[in-house]
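Here is the structure we will look at.
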Amino acid sequence: MTEERPSRLSFALVRLSARPRIKGRVIACGTRYDPITEEEEELVNILNSNALLLVCFEEYPLPTPQIISNELGDMSRKLRQEGFRLSRIEEFKYDDPEVALVSKMVLDETRYVYCRVPGKPRDRLESLAHEHECTVVSWEREGAVIEAPSKYHALRLAVSIPLELDGSAAVGLTQAAAVERHAKAERYVKGPFAAFSKAGGEWVLHEDGDQELPEPQGTDAGPDRVMYLDIVESSKLVEERGRPYLENLMKELMDLIADEEGVVIDHKLGGDDVLAKFPTKGRALRAAIRILDEARRRGIKIKIGIGDSGGRAAENAVAVMDRIGYSASFVAFRFGPFLAAYVEPPTISEVFFRRIPSELGRMVGASMTTASLATIHPYLGALPLLYFPTAAIKRNRDEVSAACVWGTLWLLAMVAAVLVGVHVRSKYLPKPLVTLTDVVVSQAIAFAKSRLSSLLVKGLGAGLP
């Protein structure tokens, strides 16, 4: 069970408290994405219950043309030989980048390629689609709509169409989006081309591009779907909880990886790190967020990086760790043209600031009750003076510092409420009413003392031989 969703005010306070300790731009805390399916709801609940901060740092270490080249691998070398270059025709501007990111994580990975290949037989196009694990959905007079299992497959197919068939192609989330992108690219480009989105912009690969397609770094590195995971201060964890605990922990984390179709490509039994590869970047991010949730429940810290290779994923994790001024679990990844991360907020921020709305609501009600009792008689106002602060400490006992702060604030609020009640009593209550309450309370106290004395005498008498 996940925790009740905190309020927007709580998230805003957590963001403000974390900003001075993070060398980056805090975009959001939690998410405003409205889930539809149970899987989406689980992800949204984790983001909100953990109050995860979405942070953007400096521009990603690799320029977008290099990212594209790395993803295409050996295909980019063929494109370079044939004289293909890149042009960016539009830059994306998200109204809400946080919601856009969550949408990418939860939406279906399927992409569509709309292509035109004048004068080419259908069997050649169908064979090319099959080679890239794609399926032709519908045929047109000079082209087709093709379904791809992921954006990675769609990009490679789209690029192969101008390269192999002298045709044009565009990638889209839906068939309509692919057709629209193709029509947009035709306004800018003449001749064979491939149009697609990457790193926060729309790009076209064609022979008259204004940017060179660089040499790929590595061979067929693929998209950002490799995860590097490392337990922070694992030696201390082993000392406190034992080696079997670490081994069971790593097994459970690898089970979470497997749930998102991830495959562990490197892990040593008894070790504290893992390299895993996923079918898509979205699945890698979903697995990472579930792992952060598990780390929080266990009271441990984990650093995670996602990249196009194990080395790049580890570099992303190290780069983000150097920019966080406190111990926190996080997952680092590329978001558009930036290095970004989901970061666990400072513990005191999460426990204290996110609970301000609920604690203040309780405090207002308790203060009114205490002041009312003190108006009747100061002794009555003294009754809740310790009860409410003690209850606040118990509610926040999962973080000692937050419990102490809330306990102190509650004590001060109750003392203030008693003083207000006493002031109202002395200044505004009629004297006869004050006298009457004094008499009633005095008699009640005298009766209580006599009953207590008789009970003590009876108890002592029963114990004598």
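So if I check each of Lys277, Lys303, Lys281, which one is under 15 Å from the mean Cα position of the chain (by Cα), within 12 Å of Leu229 (Cα to Cα) and not β-branched (Val, Ile, Thr)? Please lay out each step first, then the result.
On the way: Lys277 fails: under 15 Å from the mean Cα position of the chain (by Cα); Lys281 fails: within 12 Å of Leu229 (Cα to Cα).
The match here is Lys303.
Does region 260-292 hold any residues that are touching a residue at least 40 places away in the same chain (Cβ under 8 Å) and either farther than 21 Å from Glu39 by Cα or of a type in the set (D, E, K, R) (or both), and which are they? Walk me through it before giving the result.
Filtering region 260-292 down to residues touching a residue at least 40 places away in the same chain (Cβ under 8 Å) leaves 265-266, 272-292.
Within region 260-292, Ile265, Asp266, Asp272, Asp273, Val274, Leu275, Ala276, Lys277, Lys281, Arg283, Arg286, Arg290 meet the criteria.
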* To do: Considering only region 183-194, state which residues are outside any helix (DSSP H, G or I) and in contact (Cβ under 8 Å) with a residue 60 or more places away in the chain.
  => Val189
* region 359-392 - residue that is within 24 Å of Ala444 (Cα to Cα) and of a type in the set (Val, Ile, Thr) and, of those, surrounded by the fewest Cβ atoms within 10 Å (Cβ to Cβ) -> Thr369
* Residue match in region 109-123 (condition: closer than 30 Å to Pro35 by Cβ, surrounded by fewer than 18 Cβ atoms within 10 Å (Cβ to Cβ) and at pLDDT 90 or above) -> no
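The values are calculated or read from the model by the stated rules, or taken from the named source; none is laboratory data. As the structure is a computational prediction, the values presented were derived from the model and not from experiment. Note that each Cβ is placed from the backbone with ideal geometry, even for glycine, and that neighbours are counted across all protein chains shown.
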